[in-house]
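Accompanying notes for the structure given below.
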Amino acid sequence: MRLLLVEDNVPLADELLAGLQRQGYAVDWLADGRDAAYQGRSEPYDLIILDLGLPGLPGLEVLAQWRAAALAIPVLILTARDSWAERIEGLKAGADDYLSKPFHPEELYLRIQALLRRSHGQANQPTLQAAGLHLDEGRQCVLREGAEIQLTAAEFRLLRYFMLHPEQILSKSHLAEHLYDGETERDSNVLEVHVNHLRRKLGRSVIETRRGQGYRFGATPA
Ligand code: CA
């Protein structure tokens with residue numbers, strides 16, 4: 001999953017970037033509201049974390065522009081501590097959730113997980129579930145019929161994306177856009193290698209190849 005972090009406090013942004021990357025997210029970071037208003041619309045993000053006090057353009061204005069442009073991506077706003085007025089204004093402008101500063105990173109991670117599941121029509125259960133698999137996002141491993149299967153960081157990122165999009169045909173370029181940040185070079189051969197590793201661990205039928213179209217996860221065999 002690819003996230004946009006909009007935060008002008010550099011030490012906080014650095015800390016969040018590192019933490020979110022450890023959670024297996026591809027993250028682009030911006031500090032300026034005007035840049036965010038544009039990039040949030042032009043890149044295919046899965047979720048946006050938006051600070052409200054920003055140079056260039058206030059966060060509330062950025063959010064209002066996105067929603068006016070019918071951008072449906074989940075947005076979590078970061079608000080000043082104890083400012084109920086900011087939280088209400090944020091929710092009115094179209095935020096899906098908020099977190100007051102200072103916060104514990106673990107709370108941010110859990111809220112992101114919940115928002116992503118909800119926005120993909122999945123219940124917020126202790127694990128992400130699809131095709132008989134349970135993905136433990138905290139421990140980055142998969143459980144099937146009680147057995148635990150270990151994953152590398154790259155396999156975890158890919159499997160989480162598949163499990164949030166079961167039975168959908170996903171092209172390699174689409175997957176690459178959602179698994180890598182804007183700075184990382186995208187190599188579809190690498191993606192193929194990770195798909196094959198997942199098949200070796202979870203069974204060939206878990207990910208189907210659609211020639212010329214891409215991959216399909218969790219399809220019931222015909
Ligand atoms: Ca700020």
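The values are calculated or read from the model by the stated rules, or taken from the named source; none is laboratory data. Quick caveat, the model's predicted, so the values are computed rather than measured. Don't worry about glycine lacking a Cβ; one is built from the backbone with ideal geometry, like all the others, and counts go over all protein chains shown. These accessible areas exclude ligands, DNA and RNA; they are computed on the full protein's heavy atoms, side chains included. Shrake-Rupley method; radii C 1.70, N 1.55, O 1.52, S 1.80 Å.
Taking all protein chains together and a 1.4 Å probe, the residues Arg200, Arg117, Arg186 rank Arg200, Arg186, Arg117 from largest to smallest accessible area. Under the combined filter of DSSP loop state and at most 15 neighbouring Cβ atoms within 10 Å, the stretch 114-177 retains these GluC sites (Glu not before Pro): Glu145, Glu167. For the stretch 111-126 versus the stretch 14-60, the spacing of their alpha-carbon centroids is 20 Å. Near His165: Cβ cut-off under 15 Å, other residues only, Lys/Arg at +1 and Asp/Glu at -1. The net charge is +4.
Extension gain, Glu177-Ala123: 0.36 nm per intervening residue step, less the Cα-Cα distance, totals 16.9 nm. Estimated from helices alone, the mean residue ellipticity of the chain at 222 nm is -12500 deg cm²/dmol (sum of -39500 (n - 2.57) over DSSP H runs with n ≥ 4, per residue). GNM remark for the chain: springs join alpha carbons under 10 Å apart, and the peak mean-square fluctuation among Gly59, Gly182, Gly132 falls on Gly132.
For Asp8, the shell of other residues with beta-carbons less than 13 Å away shows a net charge of -3, using +1 for Lys and Arg and -1 for Asp and Glu. Using the Cβ-Cβ distance between Asp14 and Arg204 with R0 = 45 Å, the FRET efficiency computed as 1/(1 + (r/R0)^6) comes to roughly 0.60.
The residues of the stretch 1-84 have, on average, 40 Å² of accessible surface per residue, using a 1.4 Å probe with all protein chains present. Regarding the chain, what's the average projected area of the Cα-atom convex hull, expressed in nm²? Mean shadow area of the hull around the Cα atoms is 12.6 nm². Accessible surface calculations at 1.4 Å, restricted to protein heavy atoms, place the stretch 129-217 at 52 Å² per residue. A simple count of charges around Thr184, restricted to other residues whose Cβ falls under 14 Å of its Cβ and scoring Lys, Arg +1 and Asp, Glu -1, yields -4. What's the carbon and sulfur percent of the stretch 129-217's accessible surface, probe 1.4 angstrom, rounded to a whole number? Ligands and nucleic acids excluded, carbon and sulfur give 44 percent.
Within the accessible area of the stretch 42-87, the carbon and sulfur atoms contribute 56%, probe 1.4 Å, all protein chains present.
Between His197 and Ser100, the simple label model (points 7 Å from Cα in the Cβ direction) yields a spacing of 4.2 nm.
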